[in-house]
Amino acid sequence: MVVAVSNKDRLTGAVSIRAACHRSMRKNEKPHSLRIELRDSDPVILTSNQCSCVAGTAMCNHTVALLFETAHYSELNVQVVPPVHTCTETEQQWHKPRTAGVKPGPINKTVITRPRLNRLTEGGVRSTLYKGLVGDPLDISLLLIGDMYKDFSIREKPLAATMGISDEKTLVETAFGLAQRGSVLSYQQPVLPTKSVKMHQDPPPYPPLPIGEYRLAPTDCVHVCTEEEHFHLKSLNVTLDMAYKIEAATREQAADQEWHQLRRPRITSSRFREVCFVRGMSSAESLAERIIKGTRQTAEMRRGADMEYEVAREYCRMKNVNYTPCGLVIHPDAPWLGASPDGLIFDPFAQPPFGLVEIKCPNVKNYVDCKYLQMKDGTLALRESHSYYWQVQGQLLITGLQWCDFVICAQEDMLVQRIQVDPEVKAVIRERVDQFYFKVYMQKYLSVSKRSY
C-alpha cells in the first residue's frame, strides 16, 4: 500500500491521506485508489472516506487497512511516510509467501512431495522418527558417559558425551517422554499443545471408541467371497485394542496421512446417505469410483478445518461442556465401515454424559440461510432427509454412543442441536451400506488397486 499525506489544514485541523492499495488476487490490474480525511482531535475522528472498489462508498476492507497503517505510523512516531523501495533496493522476496496460507510447523510433520494433478495427500518423503525405547527413561547415573569418554579429545567424543549429562539435571516432558532439561529432545520435540477444551475440572476419563461393551450384529448380507476378497476382508480386521490405537493416532484427521490410508478401503459415515439411496448398478459403480477417488478439498471444507478448534471452544463455552478431538473410529464387528466425528463431548448434565460433536462452518451470514435446516416444533432443526443427519446417525452406529451435538457456526451466529440416536435410520444404514460394500464397493476397490500397481 502506497501512502501520501497532506499537511494539516490550519483552520479545520483536517489531514487528507491518499493511498493506492494493490490487489491480492488480480495483481496485474490497476490498484484501488483511496482517500480518507482525519480530524486532529483526541481521539482522532474519521470525517470522510472514499475508495474506488465496489464497496468504497461505505467502509471497505481497503479503507480499514489504510486506517491500520496510519495508526501504525502514529504509534512509531514516524514523521514522514516511508519511501517505497524498488525490488533492487531490498532483499529478495521470492521465498516469502504472499498469504498466511503457509504456516510454520514441526519438521517431523513436513512432507516433501512433487505436485500431481488430482492427488490426495498420499506419497512424499516424510519423517520416520519414532520412540524406540519402551518404558521409563534410563537411570542417568548408571550410564557413566563422562567417565567412559574422559580420555577422548573433544572431536572424537560422541554428541552425548559433550552435553554435560548427569543425574543432577531435572527431567522435563517431551513428545517422547521424559528427557533432561537442555537436551536435544527437550527443545526439538516439546510436548505438543492439546486441542482439548476443559470447562469442568477433574472429569471422568473419556471412554475409548468404539465403546468396549457395544457390539454390532453380524451382517445380513449374503455374499460368496472370492479368494482375493477373502484376503482383503482379513486385511481390514481389527481388534478392539487396534481400534483404540487407530482412533488415538488419527485425531489430526485430514492432516494425517494414516487417516487417509485407513479410510480409503472403507465406507465412512459422510457417504452413508448417498450409499443408502443409490439406484441401479451403473449408478452404484459410479458412486464407488467417486468414493475411492476421494473428494478434493473445497474452500468451504478448508474454512471449516481452519475454524474447527475455535468453533469448538466457543461451543464449549456456550454449552458448558468438555471437548477432545476424535480420530477414525472402526468397529471390529464391521471393519469395512468407519466414522470420523469432530470430537468427543463430556456433558455432566446429560444422561449418558458422553457424546459426540459434529461441526459445520457454512459460509453464510446467519444459520437461518442454511438450506438443510427446517422448522420443527417451533425451532430450527436439521432435516432428517439430509446427508448430515445420516452422517451423525452413522457415527452413533459405529461408536456406540447415544447422542451427538450438531453445531452450525455461521458468520454471525451459532446453532447447536442435540441429535439422539435413531434406531430406524441405524438399521437402514447397516443393511444398505453392507449390501453396497459387498456387492459393489469391494470389487471396484480391488480393481482400482490393481490398476495403480
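Using only the Cα atoms of the stretch 40-95, build the gyration tensor, take square roots of its eigenvalues as a ≥ b ≥ c, and label the shape rounded, prolate or oblate: rounded if a/c is under 1.5, else prolate if a/b is larger than b/c, else oblate.
The shape class here is oblate.
From largest to smallest, what semi-axes in whole angstrom does the stretch 268-315 give when each is the square root of 5 times an eigenvalue of its alpha carbon gyration tensor?
Value: 30, 13, 7 Å, ordered largest first.
Take the alpha carbon atoms of the stretch 403-453, find their center, do the same for the stretch 265-279, and report the distance between the two centers in whole angstrom.
Their Cα centres are 5 Å away from one another.
Once you sort the root eigenvalues of the Cα gyration tensor of the stretch 252-344 as a ≥ b ≥ c, which label holds: rounded (a/c under 1.5), prolate (a/b larger than b/c) or oblate (the other case)? Intermediate results must be reported in sequence, preceding the final value.
On the way: a/c = 2.08, a/b = 1.79, b/c = 1.16.
Prolate, since a/c reaches 1.5 and a/b exceeds b/c.
Report, to the nearest 10°, how far helix 61-75 tilts away from the longest principal axis of the Cα atoms in the chain, using its own Cα long axis and a range of 0 to 90°.
60 degrees
Among 150-162, 347-359, how do they line up from the highest to the lowest mean number of other beta-carbon atoms within 10 Å?
347-359, 150-162
Most exposed first by the Cβ proxy, i.e. fewest other Cβ within 10 Å, how do 386, 72, 32 rank?
72, 386, 32
Each residue of the stretch 306-318 in order: what ³J(HN,Hα) in whole Hz does its phi give by Karplus 6.51 cos²θ - 1.76 cosθ + 1.60, θ = phi - 60°, with x for Gly and Pro?
Per residue, the Karplus-derived 3J(HN,Hα) values read 5, 8, 4, 5, 5, 5, 4, 5, 5, 4, 5, 5, 5 Hz.
Using Cα pairs closer than 8 Å and at least 6 residues apart in sequence, work out the relative contact order for the stretch 262-406, in percent.
Value for the stretch 262-406: 28 percent.
List, in order, the whole-Hz ³J(HN,Hα) value for each residue of the stretch 227-242 obtained from phi through the Karplus relation with A = 6.51, B = -1.76, C = 1.60 and θ = phi - 60°; use x for Gly and Pro.
4, 5, 5, 4, 5, 5, 5, 5, 5, 7, 4, 9, 8, 4, 5, 5
Please name whichever of 379, 54, 331 sits farthest to the positive end of the charge dipole of the chain, dipole taken about the Cα centre and charges placed at Cβ: Lys and Arg +1, Asp and Glu -1.
In the chain, that residue is 54.
What would the Debye equation give as log₁₀ I(q)/I(0) for the stretch 324-390 at q = 0.17, 0.18, 0.26, 0.28 Å⁻¹, counting only Cα atoms as equal point scatterers?
Normalising to I(0) and taking log10 leaves -0.89, -0.97, -1.15, -1.15.
Going by how many other beta carbons lie within 10 Å of each one, how would you line up 434, 333, fewest first?
With the fewest neighbours first, 434, 333 line up as 333, 434.
So, with +1 on the Cβ of K and R and -1 on the Cβ of D and E, and no other charges, what is the size of the charge dipole of the stretch 262-390 about its Cα centre, to the nearest 20 debye?
So the dipole magnitude of the stretch 262-390 works out to roughly 360 debye.
In square nanometres and to one decimal, what's the mean projected area of the convex hull around the Cα atoms of the chain?
Average of the hull's projected areas for the chain equals 35.0 nm².
Quick one: if you take sqrt(5λ) for each eigenvalue of the C-alpha gyration tensor of the stretch 165-244, what semi-axes come out, biggest first, whole angstrom?
44, 21, 10
So what J values fall out for the stretch 30-44 if you push phi through Karplus, 6.51 cos²θ - 1.76 cosθ + 1.60 with θ = phi - 60°, rounded to Hz, Gly and Pro as x?
Values, residue by residue: 5, x, 6, 9, 10, 8, 10, 10, 10, 9, 6, 8, 10, x, 5 Hz.
Bear in mind these aren't lab numbers, they're just calculated from the coordinates by the rules spelled out. Being a predicted model, the structure only gives us computed values, none of them experimental. Cβ sites come from the backbone with ideal geometry, for glycine too, and all protein chains shown count toward neighbours.
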